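Asks: What follows is a structure written as structure tokens; I'll ask about it next.
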Amino acid sequence: MLNDVPNHATLPCTNFERAKAFYADKLGLTPTSEQPAGAFYAVGGGTRFFLFPSSGAASGSHTQMGFSVPDIDAAVRDLKARGVTFEEYDFPSFDKATSTAQTGPVRSAWFKDTEGNLLGLVQLS
């Protein structure tokens, strides 16, 4: 039933203006539509996400949204240059020098937005 319909992630934010500034200044994204209930952002391949004001806070304990990138090293470098701080983890496949983890053929990196949402980058081989 749902395999033929588009989907989108929804991300809560306690400070809507601060969150919008993060997505604009740090990630280079602008809303494609905005309303009092929140803002939609269109990204690659016809996908999108919705940022909405909420009194609840994101747990930040798992990836809430991911971006598939062709070159994770370049993406991490570019985002760091824009002031994004990447998460560091203590497990064998995590490389603190590159802020990435290697799991089989997949490389990943994670960062949080201003609202505590954990966002991921992934490079699939």
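Asks: What is the set of long-range amide H partners of residue 60 at a cut-off below 5 Å, with H atoms built 1.01 Å from backbone N?
Replies: Under 5 Å from the amide H of residue 60: 118.
Asks: With all protein chains present, how much of the accessible area of the chain (probe radius 1.4 Å) comes from carbon and sulfur, to the nearest whole percent?
Replies: Of all accessible area on the chain, carbon and sulfur atoms account for 53 percent.
Asks: Counting only residues 5 or more places away or on other chains, whose amide H sits under 5 Å from the amide H of residue 29 once H atoms are built in the peptide plane?
Replies: Residues meeting the amide H criterion: 24.
Asks: What's log10 of I(q)/I(0) for the stretch 62-125 at q = 0.12, 0.22 Å⁻¹, Debye sum over Cα points only, no solvent?
Replies: Each listed q maps to, in turn, -0.25, -0.90.
Asks: Next up: About its Cα centre, what dipole magnitude does the chain give when the only charges are +1 on Lys and Arg Cβ and -1 on Asp and Glu Cβ, stated in debye to the nearest 20?
Replies: Details: 10 positive and 13 negative charges, 27 e Å.
Charge dipole of the chain: 120 debye, to the nearest 20.
Asks: How large is ³J(HN,Hα), in whole Hz, for each residue of the stretch 80-85 in order, when computed from phi with the Karplus curve 6.51 cos²θ - 1.76 cosθ + 1.60 and θ = phi - 60°, using x for Gly and Pro?
Replies: Values, residue by residue: 4, 5, 8, x, 6, 9 Hz.
Asks: Using the heavy atoms of the protein chains and a 1.4 angstrom probe, tell me the accessible area per residue for the stretch 3-125 in square angstrom.
Replies: Heavy-atom accessible area per residue stands at 56 Å².
Asks: Also, quick follow-up: Among 38, 70, 21, pick out the residue whose Cα is farthest towards the positive end of the charge dipole of the chain, where Lys and Arg carry +1 and Asp and Glu carry -1 on C-beta, about the Cα centre.
Replies: 21
Asks: Also, quick follow-up: Among (i) 46, 27, 21; (ii) 61, 33, 31; (iii) 43, 35, 24, only one was calculated for this model; which label is it, if the read-out is Cα extents along the principal axes in Å?
Replies: Of the labelled values, this structure produces (iii).
Asks: Still on this structure: Which FRET efficiency, nearest 0.05, do residue 102 and residue 67 yield, Cβ-Cβ r, R0 22 Å?
Replies: 0.80
Asks: Nearest 500 deg cm²/dmol is fine: what mean residue ellipticity at 222 nm does the chain get from its DSSP H runs of n ≥ 4 alone, each adding -39,500 (n - 2.57), divided by its residue count? Don't skip to the end; give the middle numbers.
Replies: Values: 2 runs with 20 residues, N = 125.
Mean residue ellipticity, 222 nm, calculated: -4500 deg cm²/dmol.
Asks: How many percent of DSSP beta bridges within the stretch 4-125 run antiparallel, rounded to 5? Numbers along the way, then the final one.
Replies: On the way: 19 of 30 bridges.
Bridges in the stretch 4-125 that DSSP calls antiparallel: roughly 65 percent.
The values are calculated or read from the model by the stated rules, or taken from the named source; none is laboratory data. Remember, predicted model here, so these are calculated numbers, not experimental data. Neighbour counts run over all protein chains shown; Cβ positions are idealised from the backbone, glycine included. Accessible surface areas use protein heavy atoms only, side chains included; no ligands, DNA or RNA. Shrake-Rupley method; radii C 1.70, N 1.55, O 1.52, S 1.80 Å.
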